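These notes concern the structure reproduced below.
Coordinate-derived values only; no laboratory data. Bear in mind that the values here come from a model prediction, so they are computed numbers and not experimental data. Here the Cβ is made from the backbone with ideal geometry for all residues, glycine too, and neighbour counts use every protein chain on show.
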Amino acid sequence: MAESKVTALEGNELADDYVRTHIPQGRWGDTWNLFKSNFVKFVIINVFTLLFFVPGIAVVYMRSVYIGQMGIMYPFSSNPLFTYPLTPSMQSVPEGIVLSADLLFCSLLIVAGFIASIGLAGACYSIKKLINTHGQFSVKGYFHGVKVCYFNVVFPVTVFLVFFFASCCISDWAALQIAKGYSKGGPITAQVFMIIANVVVGVICFWVLAVGVSYKVKFKYLIKNSFVLLFGTILQSLLMIGFSLIPAWLLLIGKATMIFTIIGYAVFIFFGFSFIILCWLAYTQWVFDMFITPAVKTEEEARKANLTPKQLAAEKEAEEKSIARELLAAGRSELVGRPLRPIEGGTEIKEIGVAYGRADIMRVTEERAKIQSEVDAYVEEHKKDTRYVEYEKLFAEREKALSTKDKKGRNKKLSRNNLLTK
């Protein structure tokens, strides 16, 4: 079902500076070997990406500092029996502080997402390149990925952060309403709804990100195909997102156990972002290959794709000269020394039945004449190709090199048709 709806993606792979080659083994075995053998490259990609996440990390840190300072300034722990003047009730004040902090810092986090998207674009393109070429990476390619993928990355990141902002604010508002003693039903329902919406939007944004860094398509096709692929593999996608986010789960577990906090931070510093992107893009590439014919080339085709037009022309000329020399060794032949039009493509002669008339004979005669004209046109078009010119040139040189006397000492007339005649 999904296969018939994602045809817009076929032939539009986003691979400007590399050529995808065949996978030597299974998808997941190849991904694991790629991670092991190119670990240093993944660390480099992770460090570059982490630099662009610094503004977002700073916003989260400043939020914690702000809430902590407000907790120190407000007399939450004062005793009214021994304090003068008396302080007003502190009921719901902590919740109000958290709400005001999230309104400020979560909005700043959306702005920081524009900067973080730079790192994500470069990381996604570089890891996609590593997956499809089995190890090719360069810093120049990283920033090329920023150039070609940024707008396809910043959109899902911004949408997710907007929903995250709304989810945080609704959750804080619900806590504030409950602290004030109002009804719990409405706030809790709104909070649960926003959490579910945030998860759903997050999953959709994961797919928009994957399609955006893999294919060059218009915006409407980007959204449409992301939804099609998501709903075509909904269970697998949820499981894979959960597996990809293992570094994030370590940080969450770390809130209860300090050792996991240390491990979580160490993982994110060295390869956390790279691991998440690698797992998700390897999975989505597997899905793409199920529904879309991949543009996979052999190693020889990949090598030629990296050559300049001048190098390709020189290589083609050398190859055709080599073919001509091999043919020369076998003797001259009109079958190889003269361009022959391929059988496919061109006029076809329709069969005539057992009973036929003059009109059928004239039609066949016209079709034969048309085929002959096509053959002559093909010969005229290709007779100056390097292969045929070199072939004729070699025989002409051999004519000059041969003796012009026959066995009886008389002059003999040489032609290219009797070059091998003794």
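Cβ-Cβ distance of K350 and D30, R₀ of 56 Å, FRET efficiency by 1/(1 + (r/R0)^6): the value works out to about 0.65. The simple spin-label model puts a point 7 Å past each Cα toward its Cβ; for T365 and M290 those points are separated by 6.2 nm. A cut-off of 5 Å between modelled amide H atoms, ignoring neighbours fewer than 5 places along the same chain, links Y215 with L14.
Here the spin labels are modelled as points 7 Å beyond Cα on the Cα-Cβ line, and at L104 and K255 they lie 2.3 nm apart. Protection proxy ranking, highest mean first, for peptides 57-68, 123-134, 224-235: 123-134, 224-235, 57-68, where packing is the per-residue count of other beta-carbon atoms within 10 Å, averaged. Across the cross-link table entries K128/K218; K310/K383; K36/K216; K41/K147, which are compared at the Cα atoms, the separations over 25 Å belong to K36/K216.
Using a 10 Å cut-off on Cβ atoms, rank the peptides 364-370, 382-388 from the highest mean neighbour count down. Write out the running numbers ahead of the final one.
Numbers: 364-370: 12.6, 382-388: 14.6.
For the peptides 364-370, 382-388, the packing ranking is 382-388, 364-370.
Taking the Kirkwood radius as the inverse of the mean 1/r across Cα pairs, report the Rg/Rh of segment 147-230. Walk me through the numbers before you get to the answer.
Details: Rg = 16.6 Å, Rh = 14.2 Å.
Reported Rg/Rh, Kirkwood definition of Rh: 1.17.
Histogrammed with a bin width of 10 Å, the alpha carbon distances of segment 19-73 distribute as 19, 24, 22, 17, 12, 6, 1 percent, first bin at zero.
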